1. HN-Hα J couplings of segment 81-88 from phi, Karplus 6.51/-1.76/1.60, θ = phi - 60°, integer Hz, Gly and Pro as x?
2. Given the Cα atoms of segment 82-164, and with Rh set as the inverse mean 1/r over their pairs in the Kirkwood sense, what is Rg to Rh to two decimals?
3. Ignoring everything except DSSP H segments at least 4 long, calculate the 222 nm mean residue ellipticity for the chain; use -39,500 (n - 2.57) per segment, divide by total residues, nearest 500.
4. Using only the Cα atoms of the chain, what are the Rg and Dmax in Å?
5. Relative to the present Cα-Cα distance, how much length would full extension add between V14 and A153 at 0.36 nm per residue of separation?
6. If the viscosity is 1.567 mPa s and the temperature 4 °C, what translational diffusion coefficient in µm²/s does Stokes-Einstein give for segment 1-72 when Rh comes from Kirkwood over Cα pairs?
7. Hey, got the dipole for the chain? About the Cα centre, +1 on K and R Cβ, -1 on D and E Cβ, debye to the nearest 20?
Amino acid sequence: MAKRSLWVFVAALVSCVGCDQAAKQVAGQLLGGSSGLVLAGGVVQLQVVQNPGAFLSLGAGLPELLRHLLLIGLVPLALGLVSWLAWRPGHSRSQLAALGLVAGGGLANWLDRLLHGGAVTDFVSVGLGPLRSGIFNLADVAIVAGLLLLLRASAAFRAESGAG
């Protein structure tokens, strides 16, 4: 893959970090200290919380040392792995964008943890009636979107190659 294509990875990564950090700052300024904001008839709710766990508070109840080891210590290794995968030849631009979304979301949340004593700022939940998601942030959305794009690319590759 040409080095020019790697800019897709870098652009996705930098955009994720910048947008996520800006959104967290705005959410903190507009919603901090309030009970939250309900939009679209309750489908979207905005409320700032500090999440010591991973996506949707997974691992929040782990002992602090283990949680820090996993969410602060191992994340740079995972980000390094994703970046290494992006530098390997043979990726399409959509795969590089997907890897950039995963790395950018991971880096954004990792930086947030460093700035906020091991917690990330979450501020969005969605749902209908009694069915609600947990509270999440834009970095979480980027990671999930990147993983879904990678799964889609993998399924398309298998279909093209005749693998079942």
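Laboratory data are not the source of any read-out in this text; all were calculated from the coordinates shown. None of the values given here were measured: they were computed from a predicted structure. We place every Cβ from the backbone using ideal geometry, glycine too, and count neighbours over all the protein chains shown.
1. Residue by residue, segment 81-88 yields 5, 4, 5, 4, 4, 5, 6, 5 Hz.
2. When Rh is taken as the Kirkwood radius, the ratio is 1.10.
3. Mean residue ellipticity at 222 nm (helix-derived): -19500 deg cm²/dmol.
4. Calculated on Cα positions, Rg and Dmax stand at 17.3, 55 Å.
5. 47.8 nm
6. Translational D for this selection: 85 µm²/s.
7. In debye, rounded to 20, the chain gives about 440.
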